[in-house]
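A quick write-up on the structure given underneath.
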Amino acid sequence: MKKIVIFILSGFIVLCYLSCAKGTPVPSTPPCSNKSVDDDSASLIKFAGDSIPLTHDSTGLYYHIIDSGNDTKPSYYSVVTVTYTAKLMDNSIFDSASNTNLMGVQLDQLVYGWQIGLPKIGVGGHIQLFIPSALGWGCNGALSPTGVTVIPPNAPVYFDVQLLGVH
């Protein structure tokens, strides 16, 4: 009888502990939500200005092909070599790279706007990508390794990309 009481009491203590321990802290800020791709259309079109004829993809990506390149186009798992310049809509450059900076990067590891836009050209091609925030870094934005905001939340971005190689 004593063993049964100890067993029941032990079970009760374990249940009490588990019921207190399984509560999770409430986040201090609610999770963010991405803007729709259409929400950035006006700012992307304005950024392009009258001199750049834009094509609008069904995904919401705007782009302009300067040079279509050859017939060797990247696929989702291709490793691409590129040069690029990246800007925010205030025309500030937030990143740029020569071919050595992105040599060996799989297309599927890049933002969705690149995954959609880069296969539209072949090696030697040149494309301008006007990426809505939902196809880029979304509501989270991007921080530098030191914690400085590089891309603000819900910021559409622009890339001028030359495709040098597909492996």
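The values are calculated or read from the model by the stated rules, or taken from the named source; none is laboratory data. What you are looking at is a predicted structure, and each value in this text was computed from that prediction instead of being measured. In this analysis, Cβ positions are derived from the backbone assuming ideal geometry, glycine residues included, and neighbour counts consider all displayed protein chains.
Considering segment 98-108 alone, what residues qualify as being surrounded by fewer than 16 Cβ atoms within 10 Å (Cβ to Cβ) and either modelled with pLDDT of 90 or more or closer than 21 Å to W137 by Cβ (or both)?
Taking segment 98-108 and keeping what is surrounded by fewer than 16 Cβ atoms within 10 Å (Cβ to Cβ), we get 98-101, 103-104, 106, 108.
Those that are surrounded by fewer than 16 Cβ atoms within 10 Å (Cβ to Cβ) and either modelled with pLDDT of 90 or more or closer than 21 Å to W137 by Cβ (or both): N101, Q106, D108.
Collect the residues in segment 50-88 that are more than 13 Å from D160 (Cα to Cα), aliphatic (A, V, I, L, M) and in contact with a Pro (Cβ under 9 Å, 6 or more places away or on another chain), keeping them in residue-number order.
Scanning segment 50-88 gives L61, V80.
So, in segment 67-78, exactly how many residues are under 25 Å from I93 (Cβ atoms) and surrounded by 14 or more Cβ atoms within 10 Å (Cβ to Cβ)? Working first, answer last.
Step one: of segment 67-78, the residues under 25 Å from I93 (Cβ atoms) are 67, 69, 74.
From what is left, the residues that are surrounded by 14 or more Cβ atoms within 10 Å (Cβ to Cβ) are 69, 74.
Qualifying residue count, segment 67-78: 2.
Would you be able to tell me the number of residues in segment 122-167 that are of a type outside the set (A, V, I, L, M), free of Cβ contacts under 8 Å to residues at least 40 places away in the same chain and outside any loop (DSSP other than H, G, I, E, B)?
Filtering segment 122-167 down to residues of a type outside the set (A, V, I, L, M) leaves 122, 124-126, 128, 130, 132-133, 136-141, 144-147, 149, 152-154, 156, 158-160, 162, 165, 167.
Checking which are free of Cβ contacts under 8 Å to residues at least 40 places away in the same chain leaves us with 136-137, 141, 144-147, 149.
Checking the rest, the ones that are also outside any loop (DSSP other than H, G, I, E, B) come to 149.
Result for segment 122-167: 1.
What are the pairs with Cβ atoms under 7 angstrom where one residue, in segment 84-97, is at pLDDT below 95 and the other, located anywhere, is surrounded by fewer than 16 Cβ atoms within 10 Å (Cβ to Cβ) and among the aromatic types (F, W, Y)? Sequence gap at least six, or different chains.
none
When segment 36-54 is examined, which residues are found to be of a type in the set (D, E) and under 7 Å from P132 (Cβ atoms)?
D40
Can you report the number of residues in segment 66-86 which are assigned to a strand (DSSP E or B) and touching a helix residue (DSSP H, G or I) at 6+ places or on another chain (Cβ under 7 Å)?
Here is the first cut: in segment 66-86, the ones assigned to a strand (DSSP E or B) are 66-67, 79-86.
Checking which are touching a helix residue (DSSP H, G or I) at 6+ places or on another chain (Cβ under 7 Å) leaves us with 80.
Result for segment 66-86: 1.
State yes or no: is Y63 touching a residue at least 60 places away in the same chain (Cβ under 8 Å), in contact with a helix residue (DSSP H, G or I) (Cβ under 8 Å, 6 or more places away or on another chain), surrounded by 13 or more Cβ atoms within 10 Å (Cβ to Cβ) and not β-branched (V, I, T)?
Values: touching a residue at least 60 places away in the same chain (Cβ under 8 Å): yes; in contact with a helix residue (DSSP H, G or I) (Cβ under 8 Å, 6 or more places away or on another chain): yes; surrounded by 13 or more Cβ atoms within 10 Å (Cβ to Cβ): yes; not β-branched (V, I, T): yes.
Here the answer is yes, as Y63 does meet what is asked.
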